[in-house]
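> Below is one structure. I have some questions about it.
The values are calculated or read from the model by the stated rules, or taken from the named source; none is laboratory data. Quantities reported herein were computed from a predicted structural model and do not represent experimental measurements. Here Cβ is always computed from backbone atoms with ideal geometry, including for glycine, and neighbour counts include all displayed protein chains.
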Amino acid sequence: MNPVNAAELGIRPEHIDVVDLGTGDFDAVADVVEHLGSDTNLFVRIEGIGPMMVRVHGNIPKQPGDSVGLKLQRENIHLFATDGQRLRAEGALAA
């Protein structure tokens with residue numbers, strides 16, 4: 001199925017990588033940063049898309065207001081049709 005036919009894209013917070021600004025799929029601004037010891041949760045805002053949560057293993061030196069680059073792990077993206085049914089997208093989201 002072609003990703004153009006998808007109504008929604010789903011991905012788990014731990015399947016989004018924090019990368020250098022301008023090198024990923026999106027740039028975002030951190031609204032909330034939770035340093036939890038084993039993980040860091042970033043609640044970010046992507047212009048034109050909205051809020052998103054990102055979970056990073058370990059402690060990363062980010063604070064609210066910091067800009068971050070985000071890269072989606074292609075193999076962990078799920079596409080959904082308007083009726084909520086998952087679309088098969090093998091190979092459709094190649095980097």
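> If I filter the stretch 1-24 for residues that are surrounded by 14 or more Cβ atoms within 10 Å (Cβ to Cβ), among the basic types (Lys, Arg) and touching a residue at least 40 places away in the same chain (Cβ under 8 Å), do I get at least one hit?
no
> I want to confirm something. Restricting to the stretch 63-87 and keeping residues that are surrounded by 14 or more Cβ atoms within 10 Å (Cβ to Cβ) and without any contact (Cβ under 8 Å) to a residue 40 or more places away in the chain, which single residue is nearest to residue 39 (Cα to Cα)?
Step by step, filter the stretch 63-87, then rank; the result is 66.
> So how many residues does the stretch 41-64 have that are modelled with pLDDT of 95 or more, among the hydrophobic types (A, V, I, L, M, F, W, C) and farther than 16 Å from residue 11 by Cβ?
0
> Report whether or not residue 67 is under 23 Å from residue 9 (Cα atoms) and hydroxyl-bearing (Ser, Thr, Tyr).
yes
> Now for a different question. Could you please let me know if residue 56 is aliphatic (A, V, I, L, M) and either more than 25 Å from residue 7 (Cα to Cα) or surrounded by fewer than 14 Cβ atoms within 10 Å (Cβ to Cβ) (or both)?
So residue 56 passes the test.
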